[in-house]
């Protein structure tokens, strides 16, 4: 009896010591929680972008773009769309005619491209692609990688070495998710391949041979992702709202 009691006590003590020595499993964050964390980490970059870039004051156009983003967020359940703004920046240095996305805060599209786009599914594709990068944490991962180097490197926002120079696997993952976003929202998914075919300048220097190869890669990934989905019934290419959006932009002075 006494030996059995000692055995029980010993077992309890060992269990207590083991529980103290074993760290608790890290909490799995929801998408909303993860983007909130990423928003804090990228806050300095977001502020720098807002300080260095000039924006168009096209409030009605921004509202239309935000409605597109809202419809696309159905595929990424938990995306904090309430905290997101979609802005239009003037396509001049340092931002140029490239699109940007900052977690939980901002997607910014160049004005020259917004003015020139002829199909709503292409406009939706650009927004979906940027939202997908936020969900896949492309920017946040680059910021984290530079912060944990033996000698931390401040993130570069524009130009060579920018944290927006995403790797192939990061772009492929974002493209696949963006195509599903388009499909679920009722847009023609061919808009994803089209934005890379028609506007490579939206993603970097169009005269760069290395960039052309990466654009070709993006196009193939977009076409592959679209081919894996059933054809949508009457997918949106141009809606009456989009046509009004284009007419409103024509009336806006440069």
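The values are calculated or read from the model by the stated rules, or taken from the named source; none is laboratory data. Remember, it's a predicted structure, so these values are computed and weren't measured experimentally. Positions of Cβ are backbone-derived with ideal geometry, glycine not excepted, and every protein chain shown enters the neighbour counts.
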Which ones in segment 36-79 are at pLDDT below 85 and surrounded by 19 or more Cβ atoms within 10 Å (Cβ to Cβ)? 75, 76, 79
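Would you point out which residue out of 241, 214 is assigned to a helix (DSSP H, G or I) and more than 26 Å from residue 67 (Cα to Cα)?
214 is the lone residue from the list that is assigned to a helix (DSSP H, G or I) and more than 26 Å from residue 67 (Cα to Cα).
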From the list 201, 132, 147, 185, exactly one residue is under 27 Å from residue 93 (Cα atoms), at pLDDT 85 or above and either surrounded by 23 or more Cβ atoms within 10 Å (Cβ to Cβ) or in contact with a helix residue (DSSP H, G or I) (Cβ under 9 Å, 6 or more places away or on another chain) (or both). Which is it? 132
Looking at residue 166, is it modelled with pLDDT under 95 and in contact with a helix residue (DSSP H, G or I) (Cβ under 6 Å, 6 or more places away or on another chain)? yes
